[in-house]
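Colleague: Quick one: structure below, then a few questions.
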Amino acid sequence: MVNQPVRLLLIGAGKMGVAHADVIRHVPDAQLVAIASRSGTSAEKLAKAHGNIRFGDDWKQLAAETSADACIVAVSHLQNPVVTRDAIDMGLHVLSEKPVAFSSSAVLELAELAESKGLVNLAAVNRRFYPGIQRARATAELYGPLLGITCFAGDPVLNYRASGKYDRFVYDNWMLFQTIHLIDVLRLLGGEVISVSGSRIKKYEDNVTAQLTFENGIRCNYSAYSSARTKWGITLHCDGFDIELSPLEKAQINFSNGRSRQLYPTRADRREKQKPGLAEQLRLFIESICGTTVPAFPSSTFRDHSNTLQLIEQLLGLSETPAA
């Protein structure tokens, strides 16, 4: 594919599909050639908004007719693993929304399948690419040392469940489908986790109190709870200062003398109207395809993504304590 753009098929024209389509034009060597959706109606609307490109309800047919090189899988949570596997079977490089599959072993199997075919594979966890998170990580490394991490994972799961917006399977596995964003960022900042201890409240998989120990010896106090609203926060405790990510889009450094300043304000890249980080993620995906290399850091390949799911499985495997 030397001197040729990577021909991209977008599978899914919902909220995330729209967000992905929004940034493709800003990524060198990426060309959106077709959009597919379950009914074809939303794909038609999105395709017309991006230059009257091909659209339809049969993504496999579109992939063949347009000679697509790669695809972005942005379908419903429950269809994601099936479409991702089929895309790999068709020989397409794949950028797939999270979770790529519903268990660490299933994701690892997809990783091995893609690797055996020489296909670039990437999990779409765009928060890894937030400028604030990247600056927080670099600051802790340069001016630390990092002494510990505090992580709060507040999600109004009970409120969402009452709304009935999603399938029950999603609510029953909220940590896998939503809190995964926070847990993935935690791995990015702290490294690989070697042990997990703690407990969770019986019948509430999202209510967890745990201590995580990373390979570098750093420990994290992790608290997940059902709250009135989503409130995620990570604090990096360093020698002489803390770095607060709350929300994750915002990074503030607090010094021991009481002074504080923002490392990065809460604002999105103007090119990314809906989801910051998508353009950088796609750029590394495209560069990897063109250069036949593993996607560069901080990308999360399927193999790396399986480690995030493994950490979730460890948290969900903690002993239960009765609810108060």
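The values are calculated or read from the model by the stated rules, or taken from the named source; none is laboratory data. Remember, predicted model here, so these are calculated numbers, not experimental data. For neighbour counting, all protein chains shown are included, and Cβ atoms are generated from backbone atoms with ideal geometry for every residue, glycine included.
Colleague: Looking at the range 60-91, which of the residues that are among the polar types (S, T, N, Q) and touching a residue at least 24 places away in the same chain (Cβ under 8 Å) is surrounded by the fewest Cβ atoms within 10 Å (Cβ to Cβ)?
Modeller: Ranking the candidates gives Ser67 first.
Colleague: Considering only residues that are under 19 Å from Leu186 (Cα atoms), hydroxyl-bearing (Ser, Thr, Tyr) and surrounded by fewer than 16 Cβ atoms within 10 Å (Cβ to Cβ), which ones fall in the range 230-265?
Modeller: Ser246
Colleague: Mind telling me which of the residues Phe297, Phe302 ends up being over 22 Å from Thr230 (Cα atoms), at pLDDT 90 or above and surrounded by 21 or more Cβ atoms within 10 Å (Cβ to Cβ)?
Modeller: Phe302
Colleague: Taking the condition modelled with pLDDT of 95 or more, under 18 Å from the mean Cα position of the chain (by Cα) and part of a helix (DSSP H, G or I), does Val23 pass?
Modeller: no
Colleague: To continue, here is another question. Could you tell me whether the range 36-49 includes any residue that is within 22 Å of the chain's Cα centre (by Cα) and either without any contact (Cβ under 8 Å) to a residue 60 or more places away in the chain or surrounded by 15 or more Cβ atoms within 10 Å (Cβ to Cβ) (or both)?
Modeller: Yes.
Every residue, every condition in (1) hydrophobic (A, V, I, L, M, F, W, C); (2) assigned by TED's automatic domain parsing to the domain that holds Val23; (3) over 27 Å from Asn207 (Cβ atoms), yes or no:
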| site | (1), (2), (3) |
| --- | --- |
| Val94 | yes, yes, yes |
| Leu110 | yes, yes, yes |
| Leu119 | yes, yes, yes |
| Arg135 | no, no, yes |
| Gly144 | no, no, yes |
| Val170 | yes, no, no |
| Trp174 | yes, no, no |
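Colleague: Looking only at the range 51-103, count how many residues are under 19 Å from Arg38 (Cβ atoms), of a type outside the set (D, E, K, R) and part of a loop (DSSP other than H, G, I, E, B).
Modeller: Adding up the residues that qualify gives 10.
Colleague: Out of the range 138-195, which residues are without any contact (Cβ under 8 Å) to a residue 40 or more places away in the chain and not in a helix (DSSP H, G or I)?
Modeller: Of everything in the range 138-195, those that are without any contact (Cβ under 8 Å) to a residue 40 or more places away in the chain and not in a helix (DSSP H, G or I) turn out to be Gly164, Lys165, Gln178, Gly191, Ile194, Ser195.
Residue by residue, here is whether (1) surrounded by fewer than 20 Cβ atoms within 10 Å (Cβ to Cβ); (2) under 18 Å from Ser300 (Cα atoms); (3) under 17 Å from the mean Cα position of the chain (by Cα) holds:
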{"position": "Ala123", "(1), (2), (3)": "no, yes, yes"}
{"position": "Pro131", "(1), (2), (3)": "yes, yes, yes"}
{"position": "Ala136", "(1), (2), (3)": "no, no, no"}
{"position": "Asp167", "(1), (2), (3)": "yes, no, no"}
{"position": "Tyr171", "(1), (2), (3)": "no, no, no"}
{"position": "His181", "(1), (2), (3)": "yes, yes, yes"}
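Colleague: Would you call Arg187 of a type in the set (Lys, Arg) and either at pLDDT 95 or above or closer than 23 Å to Ser246 by Cβ (or both)?
Modeller: Judged against the criteria, Arg187 is a match.
Colleague: Something else: Of everything in the range 200-237, what is touching a Ser or Thr at 6+ places or on another chain (Cβ under 7 Å) and of a type in the set (Lys, Arg)? Give them in sequence order.
Modeller: Lys202, Arg219
Colleague: Filter the range 214-229 for residues that are of a type outside the set (Phe, Trp, Tyr) and farther than 12 Å from Thr150 by Cα; which is surrounded by the most Cβ atoms within 10 Å (Cβ to Cβ)?
Modeller: Step by step, filter the range 214-229, then rank; the result is Ser226.
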